[in-house]
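Laboratory data are not the source of any read-out in this text; all were calculated from the coordinates shown. Since this is a predicted model, take the numbers as computed values, not measurements. Here Cβ is always computed from backbone atoms with ideal geometry, including for glycine, and neighbour counts include all displayed protein chains.
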Amino acid sequence: MVDATGMCGACMVPVNIDGKMVRKHACIDGPELDAHIIDWDKFLPRFLQFRKQEDESKVRHGFN
Ligand code: FES
C-alpha cells in the first residue's frame with residue numbers, strides 16, 4: 001500500500017459484483033476481500049508486474 005487512503009489506486013483489486021466489474025481498494029475496502037469475486041485474470045498481471053525487480057532485490061539483500 002502506498003497512501004492507504006483510497007486515492008492512489010496502488011492496492012486496487014478488480015472484483016465482479018452482479019456481473020459488473022467494480023474496483024475495490026484493499027486499504028479502505030479490505031484488508032480482506034472475498035476471493036471468489038476477484039477477477040484474477042485482471043488482478044494477477046497487475047500484482048506480478050514488479051516480480052522481476054522483487055526477485056532481484058531479494059538476491060541483492062541475501063533473501064533468495
Ligand atoms: S494504498 Fe493507495 S488506494 Fe489503497
Taking the Cβ of Phe63 as the centre, find all other residues whose Cβ is under 12 Å away and add up their charges (Lys, Arg: +1; Asp, Glu: -1). -1
Only Lys, Arg, Asp and Glu count, each charged at its Cβ (+1, +1, -1, -1), so figure out the dipole size of the chain about its Cα centre, rounded to 20 debye. 240
DSSP-assigned coil residues among GluC sites (Glu not before Pro) in the chain, each with at most 11 further Cβ atoms within 10 Å: Glu32
Quick one: the Cα spread of segment 5-63 along its three principal axes, in angstroms, biggest first? 45, 25, 17
Looking at the chain, which chymotrypsin sites (Phe, Trp or Tyr not before Pro) are DSSP coil and have at most 15 other C-beta atoms within 10 Å of their C-beta? Phe50, Phe63
Fewest first, what order do Val59, Val13, Val22 take by the number of other Cβ atoms within 10 Å? Val59, Val22, Val13
Sequence gap at least 6, Cα distance under 8 Å: using those rules, report the relative contact order of the chain to the nearest whole percent. 25
Charge tally for neighbours of Cys11 with beta carbon under 11 Å away, counting Lys, Arg as +1 and Asp, Glu as -1, is +1
Students often forget the sequence filter, so: which lysines lie under 28 Å Cα-Cα from Lys58 once same-chain residues fewer than 8 apart are removed? Lys42
